[in-house]
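**Student:** I am attaching a structure below and will ask some questions about it afterwards.
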Amino acid sequence: MHIHQSVLIAFAGAVMIPSISAAQARRAPATQADAAVAVAIALRVDGQPYQFDGNASCQHEPMASIYGVAAEMWTVQQSGGQRSIALTMWRPKNGQGNWLSLGVSGGGKS
């Protein structure tokens, strides 16, 4: 397993972000400890900036599933105060292509 030491997430424009909690509940429990890595996050959600530069939790699960489909999973999560972000990438074992889910909350919205 190799987790990159930095992650950059950048989005612009108005974005409606659905909650990711349901998708995360479908993954298999982690067999490896979370790893703290340095990340830089700069995005705009519904016209509001979300910026973070510091450590976040990264995880890789080679044997997970989503919607009943076996998949490899990578996730990066950061939270502090009233704000949080979670980006998860799923790579289905059946070759359907990668799936992404992004959840952002802040200012009482998610």
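The values are calculated or read from the model by the stated rules, or taken from the named source; none is laboratory data. This structure is a prediction, so every number in the text was calculated from the model and none was measured. Don't worry about glycine lacking a Cβ; one is built from the backbone with ideal geometry, like all the others, and counts go over all protein chains shown.
**Student:** Can you tell me which of (1) in contact with a Pro (Cβ under 9 Å, 6 or more places away or on another chain); (2) farther than 25 Å from residue 106 by Cβ is the one residue 60 doesn't meet?
**Tutor:** Evaluating residue 60 over (1) in contact with a Pro (Cβ under 9 Å, 6 or more places away or on another chain); (2) farther than 25 Å from residue 106 by Cβ leaves (1) as the failure.
**Student:** Could you grab me the full set of residues in region 39-86 that are loosely packed, with under 15 Cβ neighbours inside 10 Å and of a type in the set (Asp, Glu)?
**Tutor:** Scanning region 39-86 gives 46, 53.
**Student:** Filtering region 24-38 down to residues that are modelled with pLDDT under 85 and farther than 19 Å from residue 101 by Cα, which residue is surrounded by the fewest Cβ atoms within 10 Å (Cβ to Cβ)?
**Tutor:** Restricting to residues being modelled with pLDDT under 85 and farther than 19 Å from residue 101 by Cα, the top hit is 33.
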